[in-house]
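As structure tokens, the structure follows; a few thoughts come after it.
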Amino acid sequence: MIEKDRQQSEKTDISKEDKIIIIKRLPCSNTRWILAITIVVLLIAIIGLVVGLIPRSSSQSQVGTQIVTTVSSIKSTIQTQSSPSKITFPTTLPINTRKPTDDYNTIPSTPDRVSTHAPITNPIPTSKYPAMNNPRLPKQIIPVQYWFQLEINVKNLNFSGYNIIELNVTSPTKLIIVHAKQLTMTAVPQVSNTRVATANTIYYPVKEHGYYFPNQYYYVALKDSLNVGIYYIKYQFQAPLSRDFRGLYAYHYTRQSDQLKIWAVASQSQPNYARRIIPCFDEPSFPAVFVASVIVSMDYSAISNTEILDIQPYSVNKIRIRFDPTHRMPSYFLSIIVHNFRRIQQKTRAGSSIRIWARRAIYQDGQNALTAAVNITNYFEKILAINSPSNKQDHVALPTFTADTTANWGVLIYREDFLLDNNSYSSSKQQQRIAVTVAYQIAQMWFGSLLTIRKWNDLWLPESLSCFFEIVGAAYYQPTFQLMGQFIVDHVQLAQRTEGVLNSYPLVSATEHSLTFSDPIYCHKDYLKYHAYRFANAASLFNALTKATKHQKNVANFMHPWITQRGYPIVIVQRDPQNIDGAILTQLPFTSSVWSKNSDGWHIPFTWYYGSSPNNIYQKVINRTSATTKISWPRNTWIKANFNQYGYYRVNYPLSNWHAISSALQSNPHQMTKLDISSLMDDAFELASLRNLSYSIPLNMTKYLKQETTYLPWKTANVHMMNIMQAFLLRPSYNAFKNYYTKILTPVITVVGYQDTGHHNHKLLRSLVVNSACLLGNQSCINYALTMFRNYMNNPANTAIPANLRSVVFRYGIRYGGDAEWNFLYNHFKHASNLNDKIRMMRALSFSTQKANLQRYLNDSIADTLNPSYTLTILDWVAQQDIGRSIAWNFVRANKKYFMNRFGTVRVPTASISKHFNTQFLFNQVQQFMTANPDKKVNEFPLPKKQTILFKVQKNIDWLQHHETTLQKWFNDNLK
């Protein structure tokens with residue numbers, strides 16, 4: 001219920017100058033690339049900015065209802081739009097120097113455009129053809145369509161084929177340039193005026209051809225110029241199947257029925273690996289139609305972006321599979337899967353085919369994902385008013401996949417544990433992850449496929465829209481999961497902790513202010529219609545959002561600082577010295593090292609409420625150029641800002657207010673939502689870590705957790721408490737921490753118990769607190785884990801370990817067991833067919849307290865014994881254990897040749913291990929090790945910077961020096 005006027009019963013006086021909307025909150029209930037995550041928050045902020053409302057819902061499931069209401073209300077907002085308005089940003093903009101129009105309510109008269117990448121530095125010209133020295137393909141040749149055929153030999157792990165490209169030449173040229181990498185051309189490329197040879201075919205003589213490796217180009221220089229018109233070029237080539245999960249790659253798995261090694265093939269074209277499959281124009285700005293044919297052995301089949309047109313015999317024991325033409329799409333969507341999987345399938349209301357593909361032994365485990373995919377697709381088609389861009393969705397579960405997921409046109413690829421679940425093995429978290437991941441992949445069909453980008457600078461746009469609708473779709477499908485709350489706790493808080501560092505980047509530095517799913521967001525409906533099969537960019541989205549506000553808000557100017565500045569703000573709340581019933585707000589950039597004033601500021605929709613009237617939320621925009629902003633704050637009551645952490649900023653208060661909030665939390669925590677409690681603890685712990693607040697504030701808040709039986713506050717508190725634990729490992733202060741946190745955990749363990757019962761979030765809570773208690777040595781937990789583990793050892797087939805407690809049983813059966821337990825689980829791990837269980841076992845094996853077992857585990861991780869994709873994961877998990885940290889570090893140094901050969905650098909394993917180092921001795925060792933082992937030729941791998949690795953270690957050292965003694969004393973003083 002919205003109250004635009006102050007209720008007569010309110011005792012506080014709210015200044016009319018604040019122009020605040022007061023919203024009556026309903027009673028409290030107990031009951032996804034950082035870049036994309038922060039933009040999700042941004043989208044939510046824009047909604048609240050336009051509507052100006054933030055209703056307090058009694059449950060997170062009401063978010064879905066609000067979304068549906070919003071969708072219906074905006075259906076025709078932009079239907080009259082004939083072309084995008086010119087609300088744009090400057091091409092280049094130095095950070096913290098240029099100020100746009102400061103009033104975000106004012107529409108700018110000068111169009112400009114945002115660019116948040118550093119300028120591309122062109123390589124030093126080395127080719128006699130100037131066009132080849134440019135890292136971007138020339139624009140006078142445009143691909144129209146590709147006809148390609150690949151003969152894939154799974155036995156010999158290679159492929160060969162041809163590719164014919166229809167070219168639209170828009171200005172005369174003698175040079176044809178495409179991307180190609182690791183493809184061996186087996187014939188001179190042919191350039192002609194027809195695709196199929198006829199009596200009228202003209203062939204254009206080739207002067208020379210070859211690779212230009214600096215830009216991964218393959219060029220064909222002609223003797224004479226091609227005039228404006230349509231031409232065709234045919235390439236014939238061969239290549240080995242890659243083993244690095246890029247381009248067209250081979251992988252293998254063990255077939256459960258006979259334990260044979262089975263080879264199969266998949267592709268990864270994103271971001272620029274299509275050039276390793278076929279010669280092509282491998283940039284987002286060159287979409288074209290693809291017509292694929294694949295030749296494989298008769299005991300395999302194939303999947304590509306479109307439906308199979310026909311299957312024909314090709315030669316002895318081989319078949320040729322031809323696919324329908326695609327829509328115009330960029331090359332990074334190209335997908336080819338060669339498999340012998342089985343499928344389950346179902347139709348959507350609109351008639352699209354949805355299929356789940358997986359290994360024959362486990363394909364039925366895709367039933368939940370299939371149900372989710374059908375329901376979420378139907379829902380998106382309804383709310384977006386556009387049917388799925390593809391008439392089919394092939395969701396493919398790969399047993400070996402370096403990415404978690406990849407969305408291509410019509411082919412959605414997952415690692416098995418992100419798509420398949422089994423009631424015996426899948427935890428509540430896994431079931432939730434499947435719903436969310438499937439929703440994200442399906443959203444990509446609209447926001448990544450129907451909308452395409454012209455350049456990689458705009459990648460955040462489809463990613464963020466997909467992440468936003470991931471929440472929308474999954475919350476619709478599973479309304480009881482409280483997904484918005486979990487999104488805030490699991491992702492937004494993580495994003496803030498990650499972004500609050502000095503070396504964060506300004507590329508769409510997140511905002512998010514107020515959560516109200518209302519009018520503007522479903523300008524997406526018409527935005528999609530207008531931009532279908534066209535290029536989308538930030539300017540067009542901001543224009544659509546601005547139009548949805550009827551030009552009351554200039555979304556472009558509002559967004560400007562969030563895109564061009566790194567980091568995010570902290571709002572300092574202070575009592576107004578001239579008004580005992582008022583407060584002064586000041587914004588500063590928040591970083592993990594200093595609070596710098598070197599910023600142009602942000603427009604921040606600021607929300608708050610008072611302890612005297614916790615059901616009323618107030619909102620006011622903090623202007624980016626205002627030195628201070630004044631609001632009302634009645635005397636003798638506390639203030640809580642950033643309702644439900646729906647704003648992407650932190651808040652600090654006077655010490656007296658922190659104490660008042662903490663007292664309120666102890667006496668009556670139901671005055672605040674669970675998200676508010678969570679956000680208070682997250683802000684307080686982060687501020688304390690940076691020495692801007694006493695650690696006694698957040699730690700005093702943790703005392704109330706003894707009576708808390710909901711998941712969200714516990715999740716936030718546990719993250720910070722486990723960070724303290726990691727810092728105290730192997731130090732005298734550890735026992736003080738352990739004794740205090742065990743005291744807080746024990747009453748909750750008594751309540752939640754060890755039976756895998758209750759609603760979804762109650763099961764998440766049980767898993768969290770039981771795991772933490774076992775880790776700290778809670779005896780009842782240890783007894784439970786050891787008993788269940790040994791029963792499982794004695795009779796695996798007939799011992800049912802609850803799915804949500806399997807990790808606990810495996811981990812602490814190993815930690816408090818011996819060699820027999822470790823060898824048993826290691827053998828099960830190597831032969832497990834369910835990837836979810838395999839990952840649990842892999843993590844649990846690192847919990848051993850036997851040095852010989854951990855050493856064997858690490859040795860096997862770089863040998864043929866285990867899949868090499870496990871190496872870094874095992875290394876990281878071993879290093880997180882007290883006894884394993886030094887073992888892992890010594891292992892990396894002893895095997896530096898292996899890591900240098902594999903990654904071209906020692907920085908990759910060093911970064912994984914050293915993130916918990918906190919002594920000067922280890923800092924010196926890390927520095928000396930990286931200096932003594934400089935990088936060789938680095939493979940295509942995202943590398944941590946040397947200075948970043950050392951910065952993290954130094955940060956840990958500084959934290960320990962400033963906080964260990966104080967925290968140890970606090971824990972000891974609060975044991976009673």
Task: Solvent-accessible area, 1.4 Å probe, carbon plus sulfur percent, for segment 366-421 - done: 40 percent
Open item on the list: Students often check this: by mean Cβ neighbours within 10 Å, which of 418-424, 919-925 ranks highest, and how do the rest follow?
Closed with: 418-424, 919-925
Open item on the list: Per residue of segment 310-322, what does 6.51 cos²θ - 1.76 cosθ + 1.60 with θ = phi - 60° give for ³J(HN,Hα)? Whole Hz please, x for Gly and Pro, Karplus curve as stated.
Closed with: 6, 10, 10, x, 10, 7, 4, 6, 10, 10, 10, 10, 9
TODO: Taking H placed 1.01 Å from N in the peptide plane, check which residues at least 5 places from residue 606 or on another chain put their amide H under 5 Å from its amide H.
DONE: 620, 621, 622
Open item on the list: Output wanted: per-residue J couplings in Hz (rounded whole) for segment 668-675, from phi through Karplus 6.51 cos²θ - 1.76 cosθ + 1.60, θ = phi - 60°, x for Gly and Pro.
Closed with: 8, x, 6, 5, 10, 6, 5, 5
Open item on the list: Suppose a student asked you for the relative contact order of segment 135-340, using Cα pairs under 8 Å spaced at least 6 residues apart; what percent would you report?
Closed with: 23 percent
- [ ] Please report Rg over Rh for segment 832-976, where both radii come from the alpha carbon positions and Rh follows the Kirkwood definition.
- [x] 1.03
Task: Under the Karplus curve 6.51 cos²θ - 1.76 cosθ + 1.60, θ = phi - 60°, whole-Hz ³J(HN,Hα) for segment 604-611, x wherever Gly or Pro sits - done: 10, x, 9, 10, 6, 8, 10, x
- [ ] Quick one: grab the alpha carbon gyration tensor of segment 663-974, order the square roots of its eigenvalues as a ≥ b ≥ c, and give me rounded if a/c is under 1.5, else prolate or oblate depending on whether a/b is larger than b/c.
- [x] oblate
TODO: First obtain the Kirkwood hydrodynamic radius of segment 401-476 from its Cα pairs, then insert it into the Stokes-Einstein equation at 25 °C and 0.890 mPa s, and state the resulting D in µm² per second as a whole number.
DONE: 189 µm²/s
Open item on the list: Given Cα positions, please report Rg to Rh for segment 135-340, the hydrodynamic radius being the Kirkwood one.
Closed with: 0.99
Task: For segment 539-652, accessible area per residue (1.4 Å probe, heavy atoms of protein chains only), Å² - done: 29 Å²
Task: Over 23 Å between alpha carbons, listed pairs 830/851; 674/838; 139/181 - done: 674/838
TODO: Collect residues whose amide H, placed 1.01 Å from N in the peptide plane, falls under 5 Å from the amide H of residue 314; neighbours closer than 5 in sequence don't count.
DONE: 319, 320
TODO: Using packing as a proxy for protection, rank 483-492, 202-211, 352-361, 663-672 so that the peptide with the highest average count of other Cβ atoms within 10 Å comes first.
DONE: 483-492, 352-361, 663-672, 202-211
Task: Å² per residue, accessible surface of segment 663-974 at 1.4 Å - done: 39 Å²
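The values are calculated or read from the model by the stated rules, or taken from the named source; none is laboratory data. Computed from a predicted structure; not experimentally measured. Glycine also receives a Cβ, built like all others from the backbone with ideal geometry; neighbour counts cover every protein chain displayed. Heads up: the accessible areas ignore ligands, DNA and RNA and are worked out on the full protein's heavy atoms, side chains in. Shrake-Rupley method; radii C 1.70, N 1.55, O 1.52, S 1.80 Å.
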